[in-house]
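Asks: Mind having a look at this structure? Questions to follow.
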Amino acid sequence: MNIIKAFITLVIILFIVVAVLFIDFTYKTFSYRQRPVKADAIVVLAGGKGRVEEGVRLYREQRGSHLFLIGVDPSVRKGDLYRPQTGDPSSEGVILEKASRNTLENAIYGRDVIMRADVRSIVLITSRYHMKRAAILFRNALPKDVAIYPYPVDSKNLKEAWWNHGGSFHLLFSEFYKYCMFRFFFLLVPGELRESILPGASGG
């Protein structure tokens with residue numbers, strides 16, 4: 001009987017801990033703001049609606065000397081995503097990375113193409129719900145002295161009243177789970193992603 005009580009107590013404690021960590025994760029996810037900072041480069045994780053468009057807009061405003069579009073479909077050309085108009089920065093500063101297919105690969109392949117340009121600060125653009133996982137991966141892939149400024153893009157998939165919206169809750173909890181897995185991984189093997197591999201990058 002004591003064993004059953006101890007097991008139930010442990011389950012309750014575990015549930016409370018997970019609930020507290022999840023609420024903290026959610027609070028920080030919604031706390032990200034689009035800050036008007038200028039960096040060496042703008043880094044966009046392609047794939048989510050509105051991300052590339054926002055990155056291009058910031059690049060046109062010269063908020064970064066380079067625009068890295070990470071995880072672009074291999075069939076997409078630079079001209080499909082960025083065509084400079086009068087007064088716009090040159091397309092030479094726009095780099096497409098086409099090899100990565102998930103967030104982990106985004107960080108690894110993205111790291112290599114970013115560091116070719118001797119970048120020391122980046123504006124990291126991705127969907128709001130995806131930002132904490134993306135940020136921890138890039139933080140552990142890039143050199144420690146590279147500053148990362150999160151820049152979230154909102155989407156219809158995520159509602160602020162997430163507790164009242166099944167899709168938002170599921171999306172946030174899925175991200176929370178993946179974030180925790182990577183957080184635990186980096187506690188065990190810090191610096192693992194800083195090992196160099198061959199990138200897949202393209203000027204066009």
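The values are calculated or read from the model by the stated rules, or taken from the named source; none is laboratory data. All values reported here derive from a predicted model rather than from experimental measurement. For neighbour counting, all protein chains shown are included, and Cβ atoms are generated from backbone atoms with ideal geometry for every residue, glycine included.
Asks: Got at least one residue in the range 26-37 being among the aromatic types (Phe, Trp, Tyr) and in contact (Cβ under 8 Å) with a residue 40 or more places away in the chain?
Replies: Looking through the range 26-37, at least one residue is among the aromatic types (Phe, Trp, Tyr) and in contact (Cβ under 8 Å) with a residue 40 or more places away in the chain.
Asks: On the given criteria, is ASP145 in contact (Cβ under 8 Å) with a residue 24 or more places away in the chain, acidic (Asp, Glu), surrounded by fewer than 19 Cβ atoms within 10 Å (Cβ to Cβ) and under 20 Å from THR26 (Cβ atoms)?
Replies: On the way: in contact (Cβ under 8 Å) with a residue 24 or more places away in the chain: yes; acidic (Asp, Glu): yes; surrounded by fewer than 19 Cβ atoms within 10 Å (Cβ to Cβ): yes; under 20 Å from THR26 (Cβ atoms): no.
It is false that ASP145 is in contact (Cβ under 8 Å) with a residue 24 or more places away in the chain, acidic (Asp, Glu), surrounded by fewer than 19 Cβ atoms within 10 Å (Cβ to Cβ) and under 20 Å from THR26 (Cβ atoms).
Asks: Hey, among PHE186, PHE138, which residue is at pLDDT 95 or above and touching a helix residue (DSSP H, G or I) at 6+ places or on another chain (Cβ under 9 Å)? Steps first, answer last, please.
Replies: Values: PHE186 fails: at pLDDT 95 or above.
The match here is PHE138.
Asks: Right, LEU198: over 30 Å from VAL17 (Cβ atoms), of a type in the set (A, V, I, L, M, F, W, C), surrounded by fewer than 21 Cβ atoms within 10 Å (Cβ to Cβ) and at pLDDT below 95 or not?
Replies: So LEU198 fits the description; yes.
Asks: Okay, moving on. Just wondering, is there one or more residues in the range 90-99 that are closer than 20 Å to ARG51 by Cα and either among the basic types (Lys, Arg) or within 13 Å of the chain's Cα centre (by Cα) (or both)?
Replies: Yes: one or more hits.
Asks: Would you point out which residue out of GLY47, GLY55 is farther than 20 Å from ARG120 by Cβ, crowded, with 17+ Cβ neighbours inside 10 Å and either in contact (Cβ under 8 Å) with a residue 24 or more places away in the chain or of a type in the set (Gly, Ala, Ser) (or both)?
Replies: GLY47
Asks: Only one of LEU187, LEU104, LEU124 is surrounded by fewer than 21 Cβ atoms within 10 Å (Cβ to Cβ), within 21 Å of ASP24 (Cβ to Cβ) and not aromatic (Phe, Trp, Tyr); which?
Replies: Answer to the selection: LEU187.
Asks: Hey, another quick one. Which members of the range 79-113 meet the condition of being among the basic types (Lys, Arg) and in contact with a strand residue (DSSP E or B) (Cβ under 6 Å, 6 or more places away or on another chain)?
Replies: Answer for the range 79-113, where residues must be among the basic types (Lys, Arg) and in contact with a strand residue (DSSP E or B) (Cβ under 6 Å, 6 or more places away or on another chain): just LYS98.
Asks: Based on this model, can you work out whether VAL76 counts as of a type outside the set (Asp, Glu), in contact with a helix residue (DSSP H, G or I) (Cβ under 8 Å, 6 or more places away or on another chain) and without any contact (Cβ under 8 Å) to a residue 60 or more places away in the chain? Break it down stepwise before answering.
Replies: On the way: of a type outside the set (Asp, Glu): yes; in contact with a helix residue (DSSP H, G or I) (Cβ under 8 Å, 6 or more places away or on another chain): no; without any contact (Cβ under 8 Å) to a residue 60 or more places away in the chain: yes.
For VAL76, the condition - of a type outside the set (Asp, Glu), in contact with a helix residue (DSSP H, G or I) (Cβ under 8 Å, 6 or more places away or on another chain) and without any contact (Cβ under 8 Å) to a residue 60 or more places away in the chain - is not met.
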